[in-house]
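No lab work stands behind these numbers, since they all come straight from the coordinates. From a predicted model like this one, the values you see are computed outputs, not experimental measurements. Note that each Cβ is placed from the backbone with ideal geometry, even for glycine, and that neighbours are counted across all protein chains shown.
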Amino acid sequence: MSTVLIPFQIETQRVIQLLAKQIYQSPLALLRENTQNAFDAIRQRLHSGAKFEPRIDVHLSPQLISITDNGIGMTPSDLQEHYWKAGSSSKNNAEARAAGVVGTFGIGAMANFGIADLLSVETESALTGERTICRAERTKLSLTDKCIEREALPPKGVAGTTIKAHVRPDSLINVAQAKQYIAEFVSLVAVPVYVNGELVSQKRPDQQVAVVPEAWRHTQQAAKLGQQLASDVTLVLSNNADVWLKLTNLVWSGVPLIGYLVLRSGSPALKTFRSGFGLATASAASIYQFGGVADLQNLEPTAGREAITAAGLQLLQSMMAEIDSFTSLLLATRNEADSSTPFMQWVHAHRRYDLCGRLMIGISPGDRISLNEVAERTRTKPLMLYEGSDAGVIQMHASEETPLIVLSRNNPRRTCEQHYLSQFAKTTPISDKPVISKRKSFEQMSNGERALAFRLESLLDSDYFVKAKVGFGEISHQLPVVAERVDSQVQVTLNPSAQAIRLILGIYETEYSAFGSMVKDFIRAVLFSRIAEYVPSSNKSGAEAFLKAIRKPRELFEIADDDLGNLPKIWEDYSQGLITMEQAVERSKSAVRASIQVVDASASASARDVVPDVVDNEKALENISGDSAVSLDPTPAITRLQTTTNAKLLIIDENEPPLRGYRCFLAITDRAREEMGEFFLQPHKTSIVWGGQKTLFIFLHHSGQFGLYYDLQTREPVDAPAGGGPFPTATIVLKDRLFIPIPDEIKASFVPTAGEKKRFEVRADILRTEFEPNGST
C-alpha cells in the first residue's frame, strides 16, 4: 500500500479578496490607501530636497478610479520588492518617517482587490529616471506563479505614479459618496488634492473646528499645561463658558512633538491626522468633552487605517487630562466659570475647591453673589447658611439685616459651594436636616421589613463593599431613605411610609420571585446616589486597587502589528521559507478575524423576553427616584447575574416605555466581557460618540481615575449625522452577556433587517484619565 501526496490548493483570488475585506472595512478603502500612498510619495520627494509643485489628482467614475501624483515614484525594484510584496514597505525606515509618511504596513495594494478586478501602476522614479508600468488581473493572481505584468517604458522626465483601478461590475462606486469619503481624509493636507477637478484639501483647522464667540482670549508661549505637556496656547472663551483651544509647538515629557491640536468643548469627537492626512475618529475622556483635530506625527494608524493604535489613544488621553487641568485653572480666574458645569466637575474631581471663588451663590434677600464676596463679608461676621429648599424656612430667617446664603439644589455646584464655604467662609448653618422618628427595633419590624433590611445589607456589602446597618423609621421631608456614616458603618434608614418602600414591601408579600431584582434596582435607582461617597472604590486608593485587580495581562482588541501576529513578519517568514504559503494565509486570516463581531436578525430578542422585570421596575421607580432616572452621574449597572441568553441585541418595542431613554442594547464581545467585564460591575458614566464608520463608547469609572473605551467599526457609515456626548448609564449585565446601550439616533445602524448581517470590528482597552506622578500612564 503506497502513500500519495496531493497538493493543498488555494483559490488565490478568493483569499486575496477575503483578506482585503477583512483588513479594510470599507470597499472604498482603496481610495484612501492609494491617495495616502500618493501623499507619502510627495512627502518623500519633498524631503529629498527636490523643487517641484506637488499635486495629487483623483478621477472617479463608477467603473474606474485613477489617482496620479508627482511624488518620488518607484523603481522596478521598488515595485517587485515592496509594492507587490504583501507585508513589505519601502517606507518602514527612519528616512521615510522623517519625511512624515503615514503608511508603513506594506499591505495597501491588497485594498484594491476588494472591489477591483484590474489594477495598473505606471510610475517614474525621481531617483533613477526609470519608467515602468505594471498590470495585475484579479482572476490571474497566483500565490505561486508569476502573474503580474511589468514593462519598461521610455522615461518622460516627469516623476510620479498613476494608479488605475478598474472596478468590478458588481461593485460600481457611488461617485458622490466616494468623493466625500476621500475629502474627509485629505481636508487638512497641505498638498493640493483634486477630485474630478475640484480642490478638496488645504482646508484650515479652524474650518473644521469653529472658534467659539469670543468673550475673552488668552495667548501664551511655551505654557506648561501640566507635568508632561507644554505648548504655545491660544484659548478663546465665550460668555457661556464654551472653550476653543489651539496648541502648537508641543512638547511631551521634554520631547518635541510634531503637530498641533485644535479643540472645542462640547464636541467629543476627535478627528486624528498625521502630517495632515486623516487617520480615524477617536475620543479621549475629557470633562470638557474636548474634540476637534489632533494632527500629531506620533499617531499611527492600525493596519486597516480605521483607527489609531492604543498607544496613540493613550497619548491623547494623557494629554487631555492636562489640557482639562490647564483650562480649569484659567477658567477659575474668569467670571464665566459660573456658567461652566465641566469646570465645577473638574474642581470636585480634583478637590480644588479653592478655585471656586468666582462661582455665584444664592442670597436672600437679593439674587446671587460670588463665593469670594461671601468669604470677604464673613471675615467680620458670619452669614447664615441654609442647605435646604423650603421657601418658608428662607422667608422666616432672611432679612436685610441678616441675609441668608442658600445652597444650590444641584450638583456639582452644590458640592463646590459647600466645600468652599467650609474652607474659606464663616457661616452659621440653619438646620434643615431630615428628622428621623419612630425608629423600629428588630422585633417591631415585619417579616418583609426584616427581609428587605437583610437583602440590602448583603447587597451593599457584596456589590459595593459598604458595611451598612439598615433600619426603619419615619423620615421628615417625605424622603424615602437617609444614609449617614456612624462610626465604621453606614446607617441606612428606610421610611416605611414612602412610596418606594411600600412598593418593595408589597412585592415581597405578593410576588416574592421578583423581590430580589426590585431590591437591586432600588439600590441602583434610589439608594446609590446617597451612599456613593462611602463606596471604597470612589476614592483614589480604592480605584487603584480595583484597577490593579482587573488589569491582567491580555491582548489588545486592536488590529495593530502585534495583534496581527505582525503581518509583515508573517509574509517575511514565508519569503524566507520558514513557513508555507498555506500557513501564512491561515495565520493572516486568523489574525484579522480575531476582533470581528457579526450580528444577524436571529441574534435579536425582545428585552421583555430576556429581562422581563427590568423595564417594569424602572418604570415603577421612575417617579420615586426623581432626577436619577435620567442622571448623567455615575450609576451602577443593571445586574441579572442568574439570567442567560444567546441574544446579541435586546430590543424594546415602540409600544413600551424605553429603558433610560434606550430601546436597543448591544452585547459586547465574549472576549471583551471575559477580559474586562468586572469593570462594568462598578458604577460608571457613559459617553457615546459616532461619525463616519465609527461608534465609540467611553465608560468612566465613578472614581474618575480611569475608564474603558469600546470602539466599534462598521462596514457602512453610521446612519446619522456625526454627534454624541454624555448619556445615561444603562449597562445590563447577565450571567453570560453584557449589554451596552445604543442611542435611538444610531439604532438603525445596529439592528439588522431580515437576512442582513451587521459586522463590527471591535477594539477595547482600559484607559487612565489621569497621569502618574512619574510620567507613566
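Scoring 311-322, 461-472 by mean Cβ neighbours within 10 Å over their residues and listing the highest first yields 311-322, 461-472. Here Ser497 and Gln642 are evaluated by their C-beta separation; at R0 = 35 Å the FRET efficiency comes out at 0.65.
Applying a DSSP loop filter and a limit of 16 other Cβ atoms within 10 Å to the GluC sites (Glu not before Pro) in the range 682-767 leaves Glu756.
As a length-normalised measure over Cα pairs under 8 Å and 6 or more apart, the relative contact order of the range 625-777 settles at 30 percent.
Looking at Thr333, Ala311, Gln297, which one has the Cα that reaches farthest to the positive end of the dipole of the range 265-336 (charges on Cβ: Lys, Arg +1; Asp, Glu -1)? Comparing the listed Cα positions along the dipole, Gln297 ranks first. Is the C-alpha gyration tensor of the range 605-717 telling us rounded, prolate or oblate? Criteria: a/c under 1.5 is rounded; beyond that, a/b larger than b/c is prolate, otherwise oblate. The shape class here is rounded. Descending by average beta-carbon neighbour count within 10 Å, the peptides 400-410, 339-349 line up as 339-349, 400-410, the highest first.
Extension gain for Ser120-Leu153 works out to 10.5 nm (0.36 nm per residue, less the C-alpha to C-alpha distance). Subtracting the Cα-Cα distance of Ser370 and Ala210 from 0.36 nm times their residue separation leaves 54.5 nm of extension gain. Extending 7 Å from Cα along the Cβ direction at Ala222 and again at Thr753 yields two label points whose distance is 6.2 nm. For the range 367-373, 3J(HN,Hα) computed residue by residue from phi via the Karplus equation (6.51, -1.76, 1.60; θ = phi - 60°) reads 10, 8, 9, 6, 5, 4, 5 Hz, glycine and proline entered as x.
If packing is taken as the average number of other Cβ atoms within 10 Å across a peptide's residues, how do 688-701, 37-50 rank, most packed first?
Going from most to least packed, we get 688-701, 37-50.
Taking 0.36 nm per residue of sequence separation and removing the Cα-Cα distance, the Tyr512/Ser171 pair yields an extension gain of 116.9 nm.
When the pairs Lys203/Lys271; Lys467/Lys735; Lys467/Lys520; Lys246/Lys694; Lys548/Lys685 are compared against a 18 Å limit on Cα-Cα distance, Lys467/Lys735; Lys246/Lys694; Lys548/Lys685 fall above it. Got a sec? Charge dipole of the range 398-454, +1 on Cβ for Lys and Arg, -1 for Asp and Glu; which of Ser431, Asn447, Leu407 is way out at the positive end? Of the listed residues, the answer is Asn447.
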